[in-house]
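**Q** Submitted below is the structure of interest, expressed as structure tokens.
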Amino acid sequence: MDISVVIPLKNEEESLPELSSWIERVMMENAFTYEIIMVDDGSTDNSWHVIEELHAVNPDIKGIKFQRNYGKSAALNEAFRMAQGNIVITMDADLQDSPDEIPSLYQMVVTEGYDLVSGWKKKRYDNVITKNIPSKFYNAITRRMSGIVLHDFNCGLKAYRKKVVKSIEVYGEMHRYIPVLAKWAGFRKIGEKVVEHRPRKYGVTKFGWERFVNGFLDLTTIMFIGKFGKRPMQFFGLWGTLAFLMGFIFILYLVISKIMYPGYALTNKPAFFLAIAVMILGTQLFLAGFLGEMISRSSPDRNSYLVEHRKGFSK
Ligand code: UDP
Ligand code: MG
């Protein structure tokens, strides 16, 4: 199979028929073998029913329905696990991304050898204040911290070599940083392509202001995990030990002073309390590292979402 098109969606019933027939048309014109995986991420509208109807007409349209809303990252992750195409293309369900971009994205991976090609909404049709400006800021930080030169990390339209989606875990709000995940997983050839962006045709945006906070927290997590995720002790242990030693040396100094100069008052020295605090802090950090180490060694598959139905898969 050439292409798996992955579409995470929440309450997008109006867009789905139009989107799927557009994708079908593109696939026909280019003679691609394909599947379309629609992940219903806890919709409360008629989306799942629409997916069932689309599947009845075209079995290449497959559906996954989550028990509740787990988020876009979870939806992508679940579809990535099921995808069979050699190239996996993700796109939003709201018709803001154009299926006409599929052939050139596909070519970039297949013939130019990219592991991941991210869309770049150079001309963007979203709210300037709440979307466009903050997103420029986030992209700049992510570029700096990750060393990946992309303009639009969070673009919903992306193409991946199959191996990439099979080796990354997308959870939390990490869908914003998939290129970073891919880089950490060892995929180097990450590129971008300017893509056409369109105003949302039906429905409303699903991401409110919380995305600023969540996005920032996840960026910190991702940088930390990338560096120390598999060896937390080397971060916490180092700082814990340093803090503890610093406190210990201080205490030692104070105790020796006490012995050498009778009448030396320990407890009215700020350094005394500082030293104790730093020793306790150090022990805590060390313990955090130790716990982190135990967890990272014993956690099997952290990602098991409850899937209510699957449609169109052999089992
Ligand atoms: N989406 C999802 N789960 C969520 C929120 C969003 O699957 O919890 C889907 C949504 O239906 C759409 C895509 O993610 O297909 C992008 O969302 P949206 O268009 O609302 O984001 P925006 O374009 O405004 O950034
Ligand atoms: Mg959108």
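The values are calculated or read from the model by the stated rules, or taken from the named source; none is laboratory data. What you see is a predicted model, and the numbers here were worked out from it, not measured in a lab. Glycine gets a Cβ as well: all are built from the backbone with ideal geometry, and neighbour counts include every protein chain shown.
**Q** Of all residues in region 30-44 being touching a residue at least 24 places away in the same chain (Cβ under 8 Å) and away from ligand 1 (no atom under 16 Å from the Cβ), which is farthest from LEU76 (Cα to Cα)?
**A** ASN30
**Q** Turning to a different aspect of this structure: Here is a check on your reading of the model: is VAL204 within 16 Å of ligand 2 (Cβ to nearest atom), without any contact (Cβ under 8 Å) to a residue 24 or more places away in the chain and surrounded by fewer than 23 Cβ atoms within 10 Å (Cβ to Cβ)?
**A** yes
**Q** From (1) more than 16 Å from ligand 2 (Cβ to nearest atom); (2) among the charged types (D, E, K, R); (3) in a helix (DSSP H, G or I), pick out the condition that doesn't hold for ARG211.
**A** The one condition ARG211 does not meet is (1).
**Q** Another question about this same structure. Go through ILE225, ILE295, ILE280 for me and flag whichever is of a type outside the set (Asp, Glu) and farther than 25 Å from GLY186 by Cβ.
**A** When all the criteria are applied, what remains is ILE280.
**Q** Give the residue that is nearest to the chain's Cα centre (by Cα), with candidates limited to residues of region 65-90 that are within 12 Å of ligand 1 (Cβ to nearest atom) and part of a loop (DSSP other than H, G, I, E, B).
**A** Once the filter is applied, the top-ranked residue is GLY71.
**Q** Same structure again: Any idea which of (1) closer than 28 Å to LEU116 by Cα; (2) away from ligand 2 (no atom under 16 Å from the Cβ) is the one ALA243 doesn't satisfy?
**A** Checking ALA243 against (1) closer than 28 Å to LEU116 by Cα; (2) away from ligand 2 (no atom under 16 Å from the Cβ), the one that fails is (1).
**Q** Does GLY63 satisfy the condition of being in contact with a strand residue (DSSP E or B) (Cβ under 9 Å, 6 or more places away or on another chain) and surrounded by 21 or more Cβ atoms within 10 Å (Cβ to Cβ)?
**A** Here the answer is yes, as GLY63 does meet what is asked.
**Q** Do you know which residues across region 5-35 are under 17 Å from VAL307 (Cβ atoms) and either away from ligand 2 (no atom under 16 Å from the Cβ) or touching a Cys at 6+ places or on another chain (Cβ under 9 Å) (or both)?
**A** Passing the criteria: only GLU35.
**Q** Can you go through GLU169, GLU192 and tell me which one is within 25 Å of TYR125 (Cβ to Cβ), more than 13 Å from ligand 1 (Cβ to nearest atom) and not in a helix (DSSP H, G or I)?
**A** GLU192
**Q** Across region 271-290, what is the total count of residues that are farther than 17 Å from MET233 by Cα and either aromatic (Phe, Trp, Tyr) or not in a helix (DSSP H, G or I) (or both)?
**A** 2
**Q** Can you pull out every residue in region 145-164 that is part of a strand (DSSP E or B) and either within 16 Å of ligand 2 (Cβ to nearest atom) or surrounded by fewer than 24 Cβ atoms within 10 Å (Cβ to Cβ) (or both)?
**A** Once the filter is applied, which keeps residues that are part of a strand (DSSP E or B) and either within 16 Å of ligand 2 (Cβ to nearest atom) or surrounded by fewer than 24 Cβ atoms within 10 Å (Cβ to Cβ) (or both), region 145-164 yields LYS158, ARG161.
**Q** Could I ask something else about it? Is there a residue in region 155-176 that is of a type outside the set (D, E, K, R), out of contact with any Cys (no Cβ under 6 Å at 6 or more places or on another chain), touching a residue at least 24 places away in the same chain (Cβ under 8 Å) and more than 24 Å from MET38 (Cβ to Cβ)?
**A** No, region 155-176 contains no residue that is of a type outside the set (D, E, K, R), out of contact with any Cys (no Cβ under 6 Å at 6 or more places or on another chain), touching a residue at least 24 places away in the same chain (Cβ under 8 Å) and more than 24 Å from MET38 (Cβ to Cβ).
**Q** OK, next. What's the total number of residues in region 91-141 that are away from ligand 1 (no atom under 13 Å from the Cβ), acidic (Asp, Glu) and either part of a helix (DSSP H, G or I) or under 12 Å from PRO199 (Cα atoms) (or both)?
**A** Number satisfying all stated conditions: 2.
**Q** When the residues of region 195-227 are narrowed to those that are within 16 Å of ligand 1 (Cβ to nearest atom) and polar (S, T, N, Q), which ends up modelled with the highest pLDDT?
**A** THR205
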